[in-house]
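Notes follow the structure.
Here, each number is a calculation from the coordinates, and none is a lab measurement. Since this is a predicted model, take the numbers as computed values, not measurements. Cβ placement follows ideal geometry from the backbone for every residue including glycine, while neighbour counts extend to all protein chains displayed.
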Amino acid sequence: LYYFYIMSDRNFTKSKLPSYGTLSSKGVIVNPRERNGQQQLSITSQNLPFEERAAQHEGYVSLPGFSDDEDDEEERDYHTLLNEYIITTPFILLALISFIILLHSFSEDGTIHYEWDIFLLGVTGWCAVFFVRKPIFFTFSKLISLKVSLSSILTLLFIGFIEEIVRMGWLHRFEDDDEAFLTAYWLGLGWAAAEAVYFIIQNFIELSWYKDDETGGGVRYAEEREELEEILGRPLTKVSAWWGVMWRFSWIMIHIGFSCWIAFNHILVFPAALIHGLLLVIWGYCLPVFGIPATSYGTLLVTLSVFLIGLALFGQIV
């Protein structure tokens, strides 16, 4: 998760900063103290098992037909999950490599034209958007004085818009009319690569919060774990690391797809921004409601559609 802490004046001098929101590797902001107008769980309820805390929080109630109880993962210990992360990390990198190899099928002579400068440009684009997320949230929550939950939703929607505007700016400045498709493809690939690297690093950071369970000291990162479970709707130890491979595959496709959309016609930045923002809101507020399987497969279908439409716009598929 991308954690950022917004301090109120009365808490400014406290040694422990109050958390007003979290932002995941997909751009997801979560507010442990206020979600859907509810206050933060009491100290007593925080000490209960996750399932009992979930029963007290209406945000965890799955909609009819979307409950993932039957697909609930078996809880893993720290070392088992660590091994899963180590095994799945190369598959995330292979997903990126597979999209480079895919360029063979789009080349008339069967060769790959590497555009590493555009790839690095995509990396800088993702980093630029990443660093403006905290100021955006601060603007909505403090300067405009909106509730934290509303500020988070508006921030997610606005981030989707800003990300596509930055993407359009990069394409407008560096796009080559003779190689518009390649420029868009490599820009999206670099964008996705930066996000994937951060996702891998953050996976191991989040997993370290559960390491103390092995020695009976699991309260050390209680607040961080609480926020993470708010996002997932279950403890991290009940989420297979293989879901992360699907998530990365999906977001590689959406970054390449949206880059192709905008490179084809800049007016398409508006539907791209809307879809992107809505996906961020769904992952930020609906994951515990719909469940990980339904949300993941639904996202995969949307991102695959975005990717195929992007290829079709440039005549790469018919």
In whole µm²/s, the translational diffusion coefficient that Stokes-Einstein assigns to the range 186-318, given a Kirkwood hydrodynamic radius over C-alpha pairs, 4 °C and 1.567 mPa s, equals 79 µm²/s
q = 0.13, 0.16 Å⁻¹, the range 120-268: log10 I(q)/I(0) [Debye, one scatterer per Cα]: -0.74, -1.00
Subtracting the Cα-Cα distance from 0.36 nm times the residue separation, let me have the gained length for Tyr297 to Thr111 in nm, one decimal. 63.7 nm
Rank the residues Ser141, Ser107, Ser149 as a footprinting-exposure proxy: fewest other Cβ atoms within 10 Å of their Cβ go first. Ser107, Ser149, Ser141
Which of Arg173, Arg76 has the fewest Cβ neighbours within 10 Å, and the rest in rising order: Arg173, Arg76
Between Phe174 and Val219, what FRET efficiency follows from the Cβ-Cβ distance if R0 is 41 Å, with the result rounded to 0.05? 0.25
What does the extension gain come out to for Trp242 and Ser305, with contour length at 0.36 nm per residue minus their alpha carbon separation? 20.5 nm
Contour minus Cα-Cα span, Leu94 to Thr124, at 0.36 nm per residue, comes to 8.6 nm
Mean Cβ count within 10 Å, highest first, over the residues of peptides 154-166, 90-102, 301-313: 154-166, 301-313, 90-102
Taking other Cβ within 10 Å of each residue's Cβ, how do Thr80, Thr183, Thr139 sort, fewest first? Thr80, Thr139, Thr183
